[in-house]
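Worksheet for the structure shown next.
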Amino acid sequence: MRALLACVLGALLAAPLAAQRTAREIVDHVDRMLRGSSSRGEITMEVVTAHWQRSMDLAIWSLGTEYALIRITAPSKDAGTATLKAGTEIWNYLPRVDRVIKLPSSLMGQAWMGSHFTNDDLVKESRIIEDYDIAIGYEGARDGVAVWEFVLTPKPDAAVIWGRIEEQVRREDMMPTWAKYYDERGELSRTITFSEFRRLGGRLVPAVMTVVPTDKPDERTVIRYRNLEFDIKLTPSFFSLRQLRSGAE
Amino acid sequence: MPASPWWRIGWRNLGRNSRRTVLTATGLAVGYWSVVVITGMADGLVADMVRTATGILSGQVQAHAPEYLPDRTLYETIGGAEGTDVPALLHAVEAEPGVLGAAPRVYAGGLVSSGATTVGVLLLGVDPAREDSVSRLAAALVEGRLPTPGARELLIGRELARQLDVAPGGELVVVAPAADGSLGNDLFRVSGLYATGIAELDAGTAVGPLAAIQELLALAPGRVHEIAIRIGDPWAAPGMADSLTRRLSAAGAGPIAVRPWTTFRPELVDYANLSSGSMWIVVLIVFAMAVFGVANTLLMTTFERRREFALLLALGATPGGIVRAVLAEAVALGVISILLGVAITVPVLVWWHHDPIDLSRLFGDFTMAGALVRPVLRTDYPLSMCFYAAGALLLTALLAALYPAYRATRVPPADTLAGR
């Protein structure tokens, strides 16, 4: 017992010094895991709220952190609705009125398509390690599984909406299991749970992400990757307003 | 009346030097006049501000689903998800005596975009025909026209139009999360622009016909968030809210919360209280000044009559009687002053109520507590202040008489009568 305690204490004390670099690398790895240098994927997004429940199929393309394009492919009522991120600009295409509108940066924190994700989540501005200082909050076994728990604190000048993020990553395969997002007052705002770890596009990834807002525990958004390809041939010219409007690839 | 000799002596003494009595009474009457008229003006200004602040959009009374405020969730419509019979509800509201108009509304957060510029706004769906009986949005129209009922048209603030760079006739994309979870989006045409002078309205609100906004939000025609109600006297709003609550629950409208402006605009109540509180300072100053004037007069009259008092004392009058005579004189003076004061106050109140002093040529319009105020000093009838000021005047006269009365009892009879 005494030996175990010493071991845990030792790990706690040593970890911040020895693991700083590794912590950054692990968090960065998890951050980039679902993105690659470029990617193309098909997603089913299921949203459950107190008032309605709906499911949408999405097609998504990304290139680095600069470019992303998301298009709704089903249901037919919303099919063709698309969001384009190019640099710091976000554009939406609305097929019903056949118009493209530019979103101001003040709306980045708004819900995307009625889900519990924000515009910011889907088209992340930058890599997590650029905006956050990373520390190891816990290292050891949780329910018999060896994990790290990281605490991400925004850098003083980072333009981020969260006050703190906690993330748990499994040691054996570097898979994230959950992430908790705290607002600026330090209160838990939402929890993302990762599950169904599978090989997609040649990588082991969590195929299902579930977001639960803390103030509405009965609501959730579930994202399920149906297929995913990485490092495909995409150029910045693909992420154009013309492409945003066109229904086809 | 056993005390009558002292009263009669007091009353007659006023007539001894009628010019001085008239001058003193006039001084007190002018004090009364100024207190009452200033209070009337302040009340008028406050009532005007309340009317303006609540009249521009909110109305003086509002009815919602009980859970609608403070979150203003899209789903909390009157009557729940099934909605309600809106025409019947409006009919029931308008049957209440004192209600001048009622208008249904829906609210939602949304985006309006001209393409390159997108702004987050409050979308407001109104019945254009009914809105005119509740709010002054139509009066704030500066360009174009009101939206046509049922058409996909928007009335937007002039500042919002400047940000979006659109003019009447221009096209806007409107996007809002709808009640069924879909992303409501449609093209609307700008029918007109308004300018209220209130920043949130002019830069952050877009007004469309009820049916078009309901369709955008996937709300059935029976689903509205608010019934806005206009009444004549803003101070009657709390009582009106209570009786409307009773009437609507009796009419079977289901759970409904009716609130007066004093609840949803508490800052206006604070301002009204501050204003009436400060009136008491005016009362204090005016009558404190009067006390010394009246005391001086009474001191002189008692000094002039010291031989009289000496004689009365020598004939066996008690000091209490002397005091009563002087106080009776003061009360009589006070009553005359009140009558004179009322006589000069009432015509001015009536005059300035019906033909208010217009200072807008001097100052222009200005906003106060989020309400556009025209500097027109329409006096209200400050009924309670009329009585309070009369009481204060009487108290002033009595206070002023205390010292002279005391001095009158201290007259040494023998010395005074002997002329020493």
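The values are calculated or read from the model by the stated rules, or taken from the named source; none is laboratory data. Because the structure is a prediction, the values reported are computed rather than measured. As a convention, Cβ positions derive from the backbone with ideal geometry for all residues, glycine included, and neighbour counts pool all protein chains shown. These area figures cover heavy atoms from the full protein model, side chains too; ligands, DNA and RNA do not enter into them. Shrake-Rupley method; radii C 1.70, N 1.55, O 1.52, S 1.80 Å.
Give, as residue ranges, the strands (runs of 3 or more DSSP E) completely inside region A:71-189 that count at least 1 residues that are within 14 Å of chain B (Cβ to nearest Cβ). Give the derivation first.
Numbers: elements: A:82-86, A:89-94, A:99-103, A:132-142, A:145-154, A:164-170, A:176-182.
Hits in region A:71-189: A:82-86, A:89-94, A:99-103.
Within region B:63-86, can one find any residue that is touching a residue at least 60 places away in the same chain (Cβ under 8 Å), closer than 24 Å to B:PRO356 by Cβ and aliphatic (A, V, I, L, M)?
No, the conditions are met nowhere in region B:63-86.
Quick one: is A:TYR93 touching a Phe, Trp or Tyr at 6+ places or on another chain (Cβ under 8 Å) and aromatic (Phe, Trp, Tyr)? Outline the logic, then answer.
On the way: touching a Phe, Trp or Tyr at 6+ places or on another chain (Cβ under 8 Å): no; aromatic (Phe, Trp, Tyr): yes.
Answer is no for this residue.
Yes/no matrix, rows are residues, columns are (1) assigned by TED's automatic domain parsing to the domain that holds B:TYR68; (2) among the small types (Gly, Ala, Ser); (3) buried (at least 24 other Cβ atoms within 10 Å of the Cβ):
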position	(1), (2), (3)
B:SER191	yes, yes, yes
B:GLY197	yes, yes, no
B:ALA203	yes, yes, no
B:ALA211	yes, yes, no
B:LEU216	yes, no, no
B:LEU219	yes, no, yes
B:ILE229	yes, no, yes
B:ASP233	yes, no, no
B:ALA236	yes, yes, no
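Are any residues in region B:240-282 out of contact with any Phe, Trp or Tyr (no Cβ under 7 Å at 6 or more places or on another chain), within 27 Å of B:TYR388 (Cα to Cα), touching a residue at least 40 places away in the same chain (Cβ under 8 Å) and among the aliphatic types (A, V, I, L, M), and if so, which ones? Full working, then the answer.
First, the residues of region B:240-282 that are out of contact with any Phe, Trp or Tyr (no Cβ under 7 Å at 6 or more places or on another chain): B:240-267, B:269-282.
Narrowing the set further to residues that are within 27 Å of B:TYR388 (Cα to Cα) leaves B:262, B:266-267, B:269-282.
Still in the running and touching a residue at least 40 places away in the same chain (Cβ under 8 Å): B:267, B:271-272, B:275-276, B:278-279, B:282.
Across region B:240-282, the qualifying residues are B:ALA272, B:MET279, B:VAL282.
Tally up the residues in region B:122-157 that are in a helix (DSSP H, G or I) and surrounded by fewer than 16 Cβ atoms within 10 Å (Cβ to Cβ), please.
Of all residues in region B:122-157, those in a helix (DSSP H, G or I) come to B:128-131, B:138-140.
The next check asks that each one be surrounded by fewer than 16 Cβ atoms within 10 Å (Cβ to Cβ); those that pass are B:129, B:138-139.
Qualifying residue count, region B:122-157: 3.
Could you list, in sequence order, all residues of region B:158-180 that are surrounded by 15 or more Cβ atoms within 10 Å (Cβ to Cβ) and away from every other protein chain (no Cβ under 14 Å)?
Scanning region B:158-180 gives B:ARG158, B:GLU159, B:ALA161, B:PRO168.
Only one of (1) within 14 Å of another protein chain (Cβ to nearest Cβ); (2) part of a strand (DSSP E or B); (3) small (Gly, Ala, Ser) is not met by B:ALA103, so which one is it?
(1)
Hey, does region B:71-80 have a residue that's touching a helix residue (DSSP H, G or I) at 6+ places or on another chain (Cβ under 8 Å), over 27 Å from B:ARG136 (Cβ atoms) and surrounded by 14 or more Cβ atoms within 10 Å (Cβ to Cβ)?
Start the filter on region B:71-80 by keeping residues that are touching a helix residue (DSSP H, G or I) at 6+ places or on another chain (Cβ under 8 Å), which leaves B:75, B:78.
Imposing the further condition that a residue be over 27 Å from B:ARG136 (Cβ atoms) reduces the set to B:75.
In the following step, the residues that additionally are surrounded by 14 or more Cβ atoms within 10 Å (Cβ to Cβ) were identified as B:75.
Yes; the residues of region B:71-80 include at least one that is touching a helix residue (DSSP H, G or I) at 6+ places or on another chain (Cβ under 8 Å), over 27 Å from B:ARG136 (Cβ atoms) and surrounded by 14 or more Cβ atoms within 10 Å (Cβ to Cβ).
Being small (Gly, Ala, Ser), touching a helix residue (DSSP H, G or I) at 6+ places or on another chain (Cβ under 7 Å), open to solvent by 20 Å² or more (accessible area, probe 1.4 Å) and outside the structural domain of B:SER278 (by TED's automatic domain parsing), is that true of even one residue in region B:97-107?
yes
Just to be sure, is B:VAL112 of a type in the set (Val, Ile, Thr), part of a helix (DSSP H, G or I) and either buried (at least 22 other Cβ atoms within 10 Å of the Cβ) or away from every other protein chain (no Cβ under 14 Å) (or both)? Steps first, please.
Working: of a type in the set (Val, Ile, Thr): yes; part of a helix (DSSP H, G or I): no; either buried (at least 22 other Cβ atoms within 10 Å of the Cβ) or away from every other protein chain (no Cβ under 14 Å) (or both): yes.
Criteria not met by B:VAL112.
Is there a residue being over 20 Å from B:ARG230 (Cβ atoms) and not in a helix (DSSP H, G or I) anywhere in region B:13-24?
Taking region B:13-24 and keeping what is over 20 Å from B:ARG230 (Cβ atoms), we get B:13-24.
Keeping just the survivors that are not in a helix (DSSP H, G or I) gives B:17.
Yes, some residue in region B:13-24 is over 20 Å from B:ARG230 (Cβ atoms) and not in a helix (DSSP H, G or I).
Report, ordered by the first and then the second residue, all pairs with beta carbons closer than 6 Å, sequence separation of six or more or different chains, a first member in region A:48-59 that is at the interface with chain B (Cβ under 7 Å from one of its Cβ atoms), and a second member that is open to solvent by 30 Å² or more (accessible area, probe 1.4 Å).
A:HIS51/B:TYR75; A:TRP52/B:ASP180
Among (1) surrounded by fewer than 17 Cβ atoms within 10 Å (Cβ to Cβ); (2) within 30 Å of B:ALA218 (Cα to Cα); (3) within 17 Å of the chain's Cα centre (by Cα), which single condition is A:ARG32 missing?
Exception for A:ARG32: condition (2).
Just for region B:181-200: of the residues that are under 26 Å from A:ASN92 (Cα atoms) and touching a helix residue (DSSP H, G or I) at 6+ places or on another chain (Cβ under 8 Å), which one is nearest to the other protein chains (Cβ to nearest Cβ)?
Going through the qualifying residues, I end up with B:ASN185.
Step by step: first the residues of region A:57-70, then only those that are among the β-branched types (Val, Ile, Thr) and assigned to a strand (DSSP E or B), then the one that is farthest from B:VAL174 (Cα to Cα). Which residue is that?
Restricting attention to region A:57-70, the residues satisfying the condition of being among the β-branched types (Val, Ile, Thr) are A:60, A:65, A:70.
When the remaining residues are screened for being assigned to a strand (DSSP E or B), the result is A:60, A:70.
On the way: A:ILE60: 25, A:ILE70: 20 Å.
My answer is A:ILE60.
Applying the selection to region A:214-245, what residues are in contact with a strand residue (DSSP E or B) (Cβ under 9 Å, 6 or more places away or on another chain) and in a loop (DSSP other than H, G, I, E, B)? Break it down into steps so the answer makes sense when it comes.
Start the filter on region A:214-245 by keeping residues that are in contact with a strand residue (DSSP E or B) (Cβ under 9 Å, 6 or more places away or on another chain), which leaves A:214-215, A:218-236, A:238-241, A:243-245.
Hits for region A:214-245 are A:THR214, A:ASP215, A:ASP218, A:GLU219, A:ASP231, A:ILE232, A:LYS233, A:LEU234, A:THR235, A:PHE239, A:SER240.
Within region A:28-61, can you find the residues that are within 23 Å of A:VAL169 (Cβ to Cβ) and at pLDDT below 90?
We begin by selecting, within region A:28-61, every residue within 23 Å of A:VAL169 (Cβ to Cβ); these are A:28-37, A:39, A:41, A:43.
Answer for region A:28-61, where residues must be within 23 Å of A:VAL169 (Cβ to Cβ) and at pLDDT below 90: A:ASP28, A:HIS29, A:VAL30, A:ASP31, A:ARG32, A:MET33, A:LEU34, A:ARG35, A:GLY36, A:SER37.
Take B:THR379 and tell me if it is in the same structural domain as B:THR39 (by TED's automatic domain parsing) and either exposed (fewer than 15 other Cβ atoms within 10 Å of the Cβ) or touching a Pro at 6+ places or on another chain (Cβ under 6 Å) (or both).
Values: in the same structural domain as B:THR39 (by TED's automatic domain parsing): yes; either exposed (fewer than 15 other Cβ atoms within 10 Å of the Cβ) or touching a Pro at 6+ places or on another chain (Cβ under 6 Å) (or both): no.
No; evaluated as a whole, the condition is false for this residue.
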